[in-house]
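Heads up, the thing below is written out as C-alpha cells.
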Amino acid sequence: MTSGGLSQEFEVFLAALDRAEPDRVAFLEERCGGNAALRDRVLDLLANHSLAEVAETTGPVARGMDPELPKTIGPYTVRSRLGEGGMGVVYAAEQRRPIRRNVAVKLLKAGADSEEVLARFDAERQALALMNHANIARILDAGVHDGRPYFVTELIAGVPITDYCDRRGLSINDRLRLFLDICEGVQHAHQKGIIHRDLNPSKVLV
C-alpha cells in the first residue's frame with residue numbers, strides 16, 4: 001500500500017488516466033520501471049475502465065451521437081454501438097433484472113430479413129449456444145425485437161490480441177502462449193462441428 005492508502009497499481013492507474021491515451025504506454029514504461037507485472041495489471045485496469053465508460057454512457061448522450069441507437073432491445077438497456085458486421089449490429093447493453101450485468105447484444109440489421117440471412121443468423125446463434133469453453137464468449141439469452149432476432153453474450157473487457165501484444169512488447173514465446181489459448185478455443189469449436197470463416201485479430205480479445 002502507498003502512504004495515501006491506495007494500492008500501487010491503482011495509484012499508477014489514476015495517474016495514467018490523466019495522460020492522453022497515446023502517451024499512456026510510455027508513461028507506464030517509465031513509472032513501472034522493470035515491473036512488468038505491475039504494468040500489465042494497470043493496462044488491464046485501463047482496458048476495463050475504457051469499456052466501463054462505454055457501457056455506462058447515458059442514453060441521451062449516446063443517442064445524440066447515434067440517433068439510430070435503440071433505447072432497448074428486449075429487456076436490455078442499450079448503452080452504445082460496439083460494431084457492425086454483414087448481418088447484424090452489436091451493442092453494449094445493461095441487463096437489470098433478475099440480475100444486473102453488462103452484456104453484448106447482436107441484433108439483425110433492419111431490412112436484412114431474407115430467408116437466407118435469417119437462416120445464417122440463427123445458425124450463428126445456435127453455434128454459440130453449443131460452445132462451452134473459457135476462451136469463447138458465452139451466449140446468455142436470445143429473443144426477437146421489433147420482428148428481428150437478437151442474441152446476448154458476455155461483454156468482454158479486453159483489447160484485440162495484436163494491440164495487447166504490441167502494448168506489452170511481448171516476446172515470441174509469450175505470443176505463442178496466447179496463440180495456444182486461441183487454438184484451444186478454435187479446437188473446441190471444431191469438436192462441435194463449427195468452423196469460423198472470418199477469424200481475425202479484431203475478434204480475439206485479451
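The values are calculated or read from the model by the stated rules, or taken from the named source; none is laboratory data. Note that the coordinates shown come from a computational prediction; the quantities given were computed from them, not determined experimentally. In this analysis, Cβ positions are derived from the backbone assuming ideal geometry, glycine residues included, and neighbour counts consider all displayed protein chains. These area figures cover heavy atoms from the full protein model, side chains too; ligands, DNA and RNA do not enter into them. Shrake-Rupley method; radii C 1.70, N 1.55, O 1.52, S 1.80 Å.
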Flag for Tyr91 being at negative phi, buried (at least 17 other Cβ atoms within 10 Å of the Cβ), among the aromatic types (Phe, Trp, Tyr) and free of Cβ contacts under 8 Å to residues at least 24 places away in the same chain:
yes
Those residues of region 157-206 which are modelled with pLDDT of 90 or more, open to solvent by less than 40 Å² (accessible area, probe 1.4 Å) and touching a helix residue (DSSP H, G or I) at 6+ places or on another chain (Cβ under 6 Å), in sequence order
Ile161, Cys165, Val204
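Please enumerate the residues belonging to region 99-123 that are within 21 Å of Pro75 (Cα to Cα) and part of a helix (DSSP H, G or I).
First, the residues of region 99-123 that are within 21 Å of Pro75 (Cα to Cα): 99-110, 121-122.
Phe121, Asp122, listed by residue number.
Here are Ala137, Ala129: which of them is touching a strand residue (DSSP E or B) at 6+ places or on another chain (Cβ under 6 Å), closer than 30 Å to Pro22 by Cβ and aliphatic (A, V, I, L, M)? Don't jump to the end; show me each part of the working.
Numbers: Ala129 fails: closer than 30 Å to Pro22 by Cβ.
Among Ala137, Ala129, only Ala137 is touching a strand residue (DSSP E or B) at 6+ places or on another chain (Cβ under 6 Å), closer than 30 Å to Pro22 by Cβ and aliphatic (A, V, I, L, M).
I'd like to check something: does region 111-121 contain any residue that is surrounded by 11 or more Cβ atoms within 10 Å (Cβ to Cβ) and within 16 Å of the chain's Cα centre (by Cα)?
Within region 111-121, the subset surrounded by 11 or more Cβ atoms within 10 Å (Cβ to Cβ) is 112-113, 117-118, 120-121.
Pick out the ones that are also within 16 Å of the chain's Cα centre (by Cα) and you get none.
No; the residues of region 111-121 include none that is surrounded by 11 or more Cβ atoms within 10 Å (Cβ to Cβ) and within 16 Å of the chain's Cα centre (by Cα).
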Given the conditions (1) more than 22 Å from Val103 (Cβ to Cβ); (2) in a helix (DSSP H, G or I), and given that Arg197 satisfies all but one, which numbered condition is not satisfied?
(2)
Residues in region 149-156: is at least one more than 30 Å from Pro98 (Cα to Cα), touching a residue at least 40 places away in the same chain (Cβ under 8 Å) and surrounded by 15 or more Cβ atoms within 10 Å (Cβ to Cβ)?
no
